[in-house]
Amino acid sequence: MANSVDVVAPVPGLVANVVAKVGATVAAGDPVVTLQAMKTEIAVESEHAGTVEAVLVREGQEVDLGAVLARVRTA
């Protein structure tokens, strides 16, 4: 049964790059979004393999710790 899993921000920061687009297939460990925090870029990776179902942020957007960045549908 397929489930949706949220990809969340591990730190507050600025969305520097949306790496994965809706419909893209990702493996566990693939970057989905890049955040910039304290002058450092942080790749936020999918914890599960699946298909990107939704991207809930845009480049240049400020996000809080724990904000849902994207949703991945697992197989």
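No lab work stands behind these numbers, since they all come straight from the coordinates. Everything quoted here is computed from the prediction, not taken from an experiment. Ideal geometry is used to build each Cβ from the backbone, glycine not excepted, and the neighbour counts take in all protein chains shown.
Scanning segment 37-65 for residues that are without any contact (Cβ under 8 Å) to a residue 40 or more places away in the chain, out of contact with any Ser or Thr (no Cβ under 7 Å at 6 or more places or on another chain) and charged (D, E, K, R) gives 39, 45.
Residues in segment 11-24 that are closer than 19 Å to residue 53 by Cβ and either in contact with a Leu (Cβ under 7 Å, 6 or more places away or on another chain) or exposed (fewer than 12 other Cβ atoms within 10 Å of the Cβ) (or both): 15, 21, 23.
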